[in-house]
């Protein structure tokens with residue numbers, strides 16, 4: 001018999017991914033993949049949903065922004081009036097290293113300069129409206145309830161690829177047989 005419990009033994013930390021359980025019914029987190037940018041069990045956690053996009057151009061959000069081909073993501077329900085970003089440039093001032101090759105925030109003018117001179121570098125930057133946040137103990141509680149599994153094995157290029165609309169399925173399939181089967185479950189069990 002196959003064990004269909006949606007859990008694993010990994011603990012969340014800065015740089016890990018949270019994969020939403022197949023039936024999570026939430027407008028922000030249904031079949032979501034979240035990059036944790038910080039995790040402090042006594043203080044809380046925050047990150048960005050990687051596979052939820054909005055139909056907006058960066059130039060509609062930021063005046064005098066370089067024209068680049070990229071999608072804007074809805075990072076979560078918190079602080080949706082602000083624009084956040086992750087990138088792959090270790091020399092951007094005031095950035096926080098999330099994982100090897102992935103940095104959060106930093107000097108926005110430096111990002112604009114990079115994109116003005118080399119627009120193709122847009123493939124190394126992700127922009128988000130809002131973020132996902134958990135207060136002290138909240139994420140642990142949600143993991144204990146089996147709403148999320150924690151994943152560590154991914155490559156940074158996957159995080160920056162805004163054309164990959166099947167990231168939830170791809171990452172879940174790599175977690176083993178029971179998770180691979182779950183990717184075929186309908187999102188709404190009554191649709192079965």
Regarding the stretch 104-121, can at least one residue be identified that is closer than 15 Å to residue 17 by Cα and surrounded by 13 or more Cβ atoms within 10 Å (Cβ to Cβ)?
yes
Give the stretch 65-114 a look and list any residue that's touching a helix residue (DSSP H, G or I) at 6+ places or on another chain (Cβ under 6 Å), over 26 Å from residue 33 (Cα atoms) and modelled with pLDDT of 95 or more, or say none.
114
Search result, residues across the stretch 165-181 that are over 21 Å from residue 11 (Cβ atoms), in contact with a helix residue (DSSP H, G or I) (Cβ under 7 Å, 6 or more places away or on another chain) and at pLDDT below 85
180
Just one of the numbered conditions (1) surrounded by fewer than 17 Cβ atoms within 10 Å (Cβ to Cβ); (2) at pLDDT 95 or above; (3) over 20 Å from residue 17 (Cα atoms) is not true of residue 62; which one?
(2)
Can you name the residue in the stretch 12-48 that is over 16 Å from residue 142 (Cα atoms) and in contact (Cβ under 8 Å) with a residue 24 or more places away in the chain and is also surrounded by the most Cβ atoms within 10 Å (Cβ to Cβ) among such residues?
48
With 74, 172 as the choices, which residue is surrounded by 19 or more Cβ atoms within 10 Å (Cβ to Cβ), over 13 Å from the mean Cα position of the chain (by Cα) and closer than 15 Å to residue 51 by Cβ?
172
Matching entry among 9, 81 (being surrounded by fewer than 20 Cβ atoms within 10 Å (Cβ to Cβ), outside any loop (DSSP other than H, G, I, E, B) and out of contact with any strand residue (DSSP E or B) (no Cβ under 7 Å at 6 or more places or on another chain)):
81
For the stretch 84-98, enumerate the residues that are touching a strand residue (DSSP E or B) at 6+ places or on another chain (Cβ under 8 Å) and more than 19 Å from residue 53 (Cβ to Cβ).
88, 89, 90, 92, 95, 96, 97, 98
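The values are calculated or read from the model by the stated rules, or taken from the named source; none is laboratory data. Predicted, not measured: the structure shown is a model, and the values here were computed from it. Heads up, the Cβs are rebuilt from the backbone with ideal geometry, glycines too, and the neighbour counts pull from every protein chain shown.
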